[in-house]
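Accompanying notes for the structure given below.
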Number of protein chains: 2
Amino acid sequence: MSKNKVNIYDVAEKADVGIGTVSRVLNNSDKVKDNTRKKVLEVMKELNYRPNKLAQNLARQKANAVAVIVPSFIDHFFVEVLKGIQDALEEENIDLILHKIDLNENRMKKIMDIVHSRKVDGIAALTMDISDTENQELKDSGIPVVLADEFSADFHSIYLDDLKGAEMAVDYLVNHNHNKIAFINGDINSLHGQKRLAGVKKSFQKHNLKINTALIKDGDFYAEDGYQSMQEILELPRTEWPSAVFAASDNQAIGVLQAMEEKGLKAPDDIAVIGYDNIELAKYLKITTVWQPMYQLGHLAIEILLKAIKGELNEIYQKELELKLVKRETA
Amino acid sequence: MSKNKVNIYDVAEKADVGIGTVSRVLNNSDKVKDNTRKKVLEVMKELNYRPNKLAQNLARQKANAVAVIVPSFIDHFFVEVLKGIQDALEEENIDLILHKIDLNENRMKKIMDIVHSRKVDGIAALTMDISDTENQELKDSGIPVVLADEFSADFHSIYLDDLKGAEMAVDYLVNHNHNKIAFINGDINSLHGQKRLAGVKKSFQKHNLKINTALIKDGDFYAEDGYQSMQEILELPRTEWPSAVFAASDNQAIGVLQAMEEKGLKAPDDIAVIGYDNIELAKYLKITTVWQPMYQLGHLAIEILLKAIKGELNEIYQKELELKLVKRETA
DNA sequence: CTGTTAGCGCATTCAT
DNA sequence: ATGAATGCGCTAACAG
């Protein structure tokens, strides 16, 4: 039962020094004679001493941890971003406290609870489009915040341009001689959904294509939603079928392909299909898609956050990461 | 710049009470007159007071957080388990500190660092098969630990029986008149890989089937690995082809299907295929597979962990969760 | 019921 | 270079 109750006083006593000295060797202070340092180090090992982080945190007034806020919708995208976040955090030995905050509930209250708890030194929020009125409180709190996959003029933000990505996809389709293009969107209430729609419209305009509302669908970003939307489209008279469809997610694209397959249709010959995300399976299903630098997004977000925490950032950092079109076989 | 420097002393003074009383209302002690409680509450609101968790933690000698340790291989399985973990934790308002610990590095040192840091009250480890020699140190530390997706006689563990799952899959195949069955395994060095292989062998023996080593492959759990293994199998003389293949993961099954498709083969008519995991896409690709109760696994793991932390567990809790075969179209 | 005191374990002046 | 004292913000006896 010799529980680890050993603290600085114990090692100080045994090493015959003051607790101040022990604290100094703990923090690698250079103002410690080599001999004493060595002696203290020995005693620490002997007693199997470990500093109590809780006490350190309180004394230092910092938590050595950051909060990572993700929407409940945890899919491939977030996992990849999380990997980047985790790696970046581990490099600095900072704890990652994961919070799931749904979009519908009173997010700001939850966030402010986190802020006031003092358990984190900063916050990285993924895909959280917070309104201007909401963010005032957060801004006032002074806690470092970085938005990943979201732009805000008020916070450091690393983001992707959904509009550009969608535009890129449709441009590609048009350049491959498609002029009847369907767009199967994700949640139209999300910023992403809206921006991707805007990108589609922009490309249409640019190429003088008219929008056929019967070919513009929205739902959610799941495979099932893509499947249903495509089914509806394929119920239209054959003459109204699109020659290509752009899905707002690879999962939806997979649903689309399935709906086509059930009708004996193949991509790209019957109808071309292009997705968004470049999930691992897109590769195996050979889906042409838009790739997003997810890992980099997470990694950079943390780099910036840590800089902000250290006070090394004098102005708001804004950075757009580049998307890439991955050409495969479905379009 | 009226930063949130307000502490119990401030509210105590303004409310004209002692800090003890403030602390009591903070902790919902019943020994506080309604009037004083009300007064204190008002002052707290007025001053926008929030307790400093760091200080609370130190004073209480508990972190109000648990560490969740996951292998670097973060895929669908872990995400689902994580959801269960997160939900269970949120119900109790406990923080989730996420640690990624690779299987190769000196895991135990990292884990013991976490233990000694005092920043968590307990540990939930996913898919961490720790050896007996290793776990001694962890056991001695006395910190509550629960293993999810892993069995150990020394720790609380919620686990799945891979052997049974694999056996179930092969049994199913045999019952559908297959007697030349290939097994495409994941990492043979992992406990999962070994157990699934054992399950396959058990079913083979049960049915008096002879093992053809040319039809037993291993690699990793990714789609690409399944693809390659299946390609190798399809390079065998046609007479040696299996009539069915059991893949140790849905991702591998998808790779298998792709390899087949490239040869113009279809499931289940040419070769039946069965996977493992029941990822979302297995549904859309209509892959017959073995379902694992991932969410429940995570949720229950935390329930048990929290009980252990509260000291409500007198003996080691061991629970096997049931697997289910999801019959779809590839087998 | 409530105020006071003493830790929790460590960081950090301030002298020496 | 180092020891002693003070504080971080809160909890938990201990008196009253």
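The values are calculated or read from the model by the stated rules, or taken from the named source; none is laboratory data. These figures come from a predicted structure and were not determined experimentally. Note that we place each Cβ from the backbone using ideal geometry, even for glycine, and neighbour counts take in every protein chain shown. Ligands, DNA and RNA are excluded from the accessible area calculation, which covers all protein heavy atoms including side chains. Shrake-Rupley method; radii C 1.70, N 1.55, O 1.52, S 1.80 Å.
When the residues of the range A:272-328 are filtered to those that are without any contact (Cβ under 8 Å) to a residue 60 or more places away in the chain and small (G, A, S), the one that is nearest to A:V66 (Cα to Cα) is A:G311. Scanning the range B:261-280 for residues that are over 19 Å from B:D220 (Cα atoms) and of a type in the set (A, V, I, L, M, F, W, C) turns up B:L265, B:A267, B:I271, B:A272. The residues in the range B:15-36 that are more than 8 Å from DNA strand D (Cβ to nearest atom) and within 24 Å of A:M112 (Cα to Cα) can be counted, and the count is 2.
With respect to the conditions (1) under 27 Å from A:L82 (Cα atoms); (2) open to solvent by 30 Å² or more (accessible area, probe 1.4 Å), B:G122 falls short on a single one, namely (2).
Can A:D75 be described as surrounded by fewer than 22 Cβ atoms within 10 Å (Cβ to Cβ), modelled with pLDDT under 90 and away from chain B (no Cβ under 14 Å)? So A:D75 fails the test.
Within the range B:127-142, residues that are surrounded by 16 or more Cβ atoms within 10 Å (Cβ to Cβ) reach partners that are of a type in the set (D, E, K, R) and in a loop (DSSP other than H, G, I, E, B) with beta carbons closer than 7 Å, at six or more positions or on different chains, in the pairs B:T127/B:D149; B:T127/B:E150; B:M128/B:E150; B:D129/B:E150; B:N135/B:D154. When A:A153 is tested against (1) among the small types (G, A, S); (2) in contact (Cβ under 8 Å) with a residue 60 or more places away in the chain; (3) in a helix (DSSP H, G or I), only condition (3) is not met. Within the range B:87-99, the presence of a residue that is open to solvent by 10 Å² or more (accessible area, probe 1.4 Å) and within 16 Å of DNA strand C (Cβ to nearest atom) is excluded. Within the range A:232-256, if we keep just the residues that are out of contact with any strand residue (DSSP E or B) (no Cβ under 6 Å at 6 or more places or on another chain) and either of a type in the set (D, E, K, R) or within 13 Å of chain B (Cβ to nearest Cβ) (or both), the residue that is most open to solvent (accessible area, probe 1.4 Å) turns out to be A:R238. If you check B:I130, B:I111, B:I143, B:I123, which single one turns out to be in a helix (DSSP H, G or I), of a type in the set (A, V, I, L, M, F, W, C) and not assigned by TED's automatic domain parsing to the domain that holds B:S243? That would be B:I111, the only listed residue that is in a helix (DSSP H, G or I), of a type in the set (A, V, I, L, M, F, W, C) and not assigned by TED's automatic domain parsing to the domain that holds B:S243. Checking each residue of the range A:247-260 against the condition of being under 30 Å from A:E92 (Cα atoms) and touching a Gly at 6+ places or on another chain (Cβ under 9 Å) gives no match.
From the set of residues in the range B:44-67 that are more than 8 Å from every other protein chain (Cβ to nearest Cβ) and open to solvent by less than 30 Å² (accessible area, probe 1.4 Å), which is farthest from B:Y9 (Cα to Cα)? The qualifying residue farthest from B:Y9 (Cα to Cα) is B:A67.
Among the conditions (1) in a loop (DSSP other than H, G, I, E, B); (2) at pLDDT 90 or above, the only one that A:K164 does not satisfy is (1).
For the range B:213-227, the criterion of being more than 14 Å from every other protein chain (Cβ to nearest Cβ), in contact (Cβ under 8 Å) with a residue 40 or more places away in the chain and open to solvent by less than 40 Å² (accessible area, probe 1.4 Å) is satisfied by no residue at all.
B:E105 meets all of the listed conditions (1) open to solvent by 60 Å² or more (accessible area, probe 1.4 Å); (2) charged (D, E, K, R); (3) within 12 Å of chain A (Cβ to nearest Cβ) but one, namely (1).
Restricted to the range A:202-212, and to residues there that are out of contact with any Leu (no Cβ under 9 Å at 6 or more places or on another chain) and basic (K, R), the residue that is most open to solvent (accessible area, probe 1.4 Å) is A:K210.
Consider the range A:282-300 and keep the residues that are within 14 Å of A:L257 (Cα to Cα) and open to solvent by less than 10 Å² (accessible area, probe 1.4 Å). The one that is modelled with the lowest pLDDT is A:A282. Just so you know, in the range B:1-41 the residues that are under 24 Å from A:E137 (Cβ atoms) and open to solvent by 100 Å² or more (accessible area, probe 1.4 Å) include one that is modelled with the highest pLDDT, and it is B:K14. Of the residues making up the range A:301-331, just one is closer than 17 Å to B:Q258 by Cα and touching a Gly at 6+ places or on another chain (Cβ under 9 Å), namely A:T330.
Of everything listed in (1) closer than 21 Å to A:Q252 by Cα; (2) not in a strand (DSSP E or B); (3) not acidic (D, E), the single unmet condition for A:A182 is (2).
Determine, yes or no, whether A:I233 is in contact with a Leu (Cβ under 8 Å, 6 or more places away or on another chain) and in contact (Cβ under 8 Å) with a residue 40 or more places away in the chain.
Criteria met by A:I233.
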